[in-house]
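Peer 1: Structure below; questions to follow.
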Amino acid sequence: MDDVDRFFQKSHYNIIRILLSISGLWPCHNARKRRAIYLGFLFVFGSGLTFEILGIIEVWPDSFEVVDCLPLLTLGLVSITKLICAVHTLPEIKILLAKMREYQYSPKSDEETKILHSYSLYGRNLGYVYTGILLSHTVVFILLTLLIKLLYVEPTEDNPSNNLRGAQAGLPYRANYMIDLETYYIPIFLHTAICVTSYSVLMLTFDVLYLTLVQHCCGLFAALRYCLENILKFETCDDNFMPTAMKSKLHSDIVYSIRRHKEAIRFVAVMEAIHKIPLFVHVGGNISLLSIVGFQVITHTEDINRILRNASYLSALLFNTFFENWQGQKVIDSSEKIYESAYNAEWYNMPMAQKKLLMMIMMRSKIPLRITAGNIIVLSHVNFKAVLHASSSYFMLLRSMQ
């Protein structure tokens with residue numbers, strides 16, 4: 001695995017090596033180092049969720065206060081679920097990373113190398129942009145939380161509604177640390193900020209890994225399309241007049257394309273197996289979070305600080321939901337285009353034996369490859385619309401109960 005580590009250090013995909021290393025999921029690290037990182041996350045998540053659940057229990061009679069507590073609790077639970085699934089599927093992640101290196105150094109044409117390089121470069125830039133957007137939203141969310149503390153007005157007899165949430169002013173989420181929050185505000189705020197940042201980093205790691213694998217997969221399909229569209233051309237289909245060398249070259253080109261197609265299909269299958277459970281949990285969580293956070297934005301229109309904080313969370317959530325479905329749509333589109341490229345080849349001029357080989361690619365590519373969430377939900381633009389529709393339905397339900 002040292003070769004894989006060196007490859008990613010020098011490649012455009014170095015960002016995923018950094019993020020996986022921070023999360024303890026880089027396969028090239030030894031088991032002791034990974035366990036140490038897991039223990040650190042266990043301490044942060046365990047303590048953060050414990051105090052958060054105690055805070056929810058404190059306001060349990062008030063259903064709307066409980067609803068306000070759910071977004072950050074759900075974010076933490078989804079992050080932990082994704083981490084557990086990633087640890088369980090670490091051997092499969094190692095296989096995919098090794099396959100990426102193997103393909104990079106496998107024999108191929110210069111044009112295929114350029115195509116793969118362009119996709120990896122695009123993936124690197126997209127990864128940096130996505131990382132910057134999510135981290136900036138996290139920073140804005142934490143800073144706006146701190147701003148609430150600085151601008152908070154002490155409750156008065158004329159405004160007793162602030163009594164319940166006054167003690168929690170300036171914290172990213174409601175928590176019960178069983179100590180005086182005013183006296184120990186700074187360490188409590190730092191702990192909650194570390195928890196929120198840890199959630200964001202883990203979510204970011206899994207999303208960038210997802211992005212990296214999808215971009216490599218799309219590069220595989222693009223290189224395959226080039227091979228099919230530029231397959232050996234000739235002017236006659238009569239086997240008797242076709243030179244033997246030309247027949248041999250044509251046969252080897254089609255067999256090479258079939259092999260590359262099988263590799264891409266297997267790559268997508270392993271990638272889908274890694275992500276189907278985490279994505280199922282994530283998509284389900286996003287449906288509820290979009291409705292709850294949208295409800296919070298509408299409910300707290302009189303509090304500009306809470307509106308800004310909830311709006312930053314909502315925008316990051318919408319961007320994340322669109323991003324995951326967008327990547328799934330790219331896999332569908334890339335795999336579907338293989339049929340078009342195979343059909344655009346001069347198959348009508350090929351000998352019968354080569355036509356049958358090319359037909360194998362065409363028949364398989366008629367069924368597009370998909371990334372699913374739990375083998376139930378197909379990630380695509382259609383699913384993104386469905387998520388927004390379901391979230392709006394739950395949002396209207398919460399509004400009717402207000």
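Peer 1: Which of the residues belonging to the range 286-335 are closer than 30 Å to V268 by Cα, out of contact with any helix residue (DSSP H, G or I) (no Cβ under 8 Å at 6 or more places or on another chain) and charged (D, E, K, R)?
Peer 2: Let us first name the residues in the range 286-335 that are closer than 30 Å to V268 by Cα, namely 286-290, 315-335.
When the remaining residues are screened for being out of contact with any helix residue (DSSP H, G or I) (no Cβ under 8 Å at 6 or more places or on another chain), the result is 332-333.
Residue satisfying the conditions is D333 alone.
Peer 1: Looking for whichever is of a type outside the set (S, T, N, Q), surrounded by 19 or more Cβ atoms within 10 Å (Cβ to Cβ) and more than 24 Å from Y119 (Cα to Cα) here; the options are R399, R309. Which one fits?
Peer 2: Details: R399 fails: surrounded by 19 or more Cβ atoms within 10 Å (Cβ to Cβ).
Every option except R309 fails the conditions.
Peer 1: Need the failing condition index for A169 against (1) open to solvent by less than 20 Å² (accessible area, probe 1.4 Å); (2) at pLDDT 90 or above, just the number.
Peer 2: Of the numbered conditions (1) open to solvent by less than 20 Å² (accessible area, probe 1.4 Å); (2) at pLDDT 90 or above, the odd one out for A169 is (2).
Peer 1: Mind listing whichever residues of the range 59-110 are more than 21 Å from L279 (Cβ to Cβ), open to solvent by less than 30 Å² (accessible area, probe 1.4 Å) and assigned to a loop (DSSP other than H, G, I, E, B)?
Peer 2: As a first pass, look at the range 59-110 and keep what is more than 21 Å from L279 (Cβ to Cβ): 59-69, 98, 101-110.
Subsequent filtering for residues that are open to solvent by less than 30 Å² (accessible area, probe 1.4 Å) retains 59, 66-67, 69, 103, 106.
V59, S106, listed by residue number.
Peer 1: Of the residues I298, I258, which is out of contact with any strand residue (DSSP E or B) (no Cβ under 6 Å at 6 or more places or on another chain), surrounded by fewer than 21 Cβ atoms within 10 Å (Cβ to Cβ) and over 30 Å from K149 (Cα atoms)?
Peer 2: Working: I298 fails: over 30 Å from K149 (Cα atoms).
Just one listed residue meets the conditions, I258.
Peer 1: Limited to the range 29-41, what total is found for residues that are touching a residue at least 40 places away in the same chain (Cβ under 8 Å) and either on the phi > 0 side of the Ramachandran plot or surrounded by fewer than 17 Cβ atoms within 10 Å (Cβ to Cβ) (or both)? It would help to see each step written out before you state the result.
Peer 2: Filtering the range 29-41 for residues touching a residue at least 40 places away in the same chain (Cβ under 8 Å) gives 38, 41.
Add one more test, that the residue is either on the phi > 0 side of the Ramachandran plot or surrounded by fewer than 17 Cβ atoms within 10 Å (Cβ to Cβ) (or both), and what stays is 38.
Result for the range 29-41: 1.
Peer 1: Another question, then. Can you find a residue in the range 42-58 that is surrounded by 17 or more Cβ atoms within 10 Å (Cβ to Cβ) and closer than 30 Å to L228 by Cα?
Peer 2: No, that holds for no residue.
Peer 1: Scan I338, I371, I377 and give me the residue that is surrounded by 13 or more Cβ atoms within 10 Å (Cβ to Cβ), at pLDDT 80 or above and touching a strand residue (DSSP E or B) at 6+ places or on another chain (Cβ under 8 Å). Spell out the reasoning first.
Peer 2: On the way: I338 fails: touching a strand residue (DSSP E or B) at 6+ places or on another chain (Cβ under 8 Å); I377 fails: touching a strand residue (DSSP E or B) at 6+ places or on another chain (Cβ under 8 Å).
It is I371.
The values are calculated or read from the model by the stated rules, or taken from the named source; none is laboratory data. Predicted model, so just to flag it, every value in this text is computed and none were measured. All Cβ positions, even for glycine, are placed from backbone atoms using ideal geometry, and neighbour counts span all protein chains on display. Heads up: the accessible areas ignore ligands, DNA and RNA and are worked out on the full protein's heavy atoms, side chains in. Shrake-Rupley method; radii C 1.70, N 1.55, O 1.52, S 1.80 Å.
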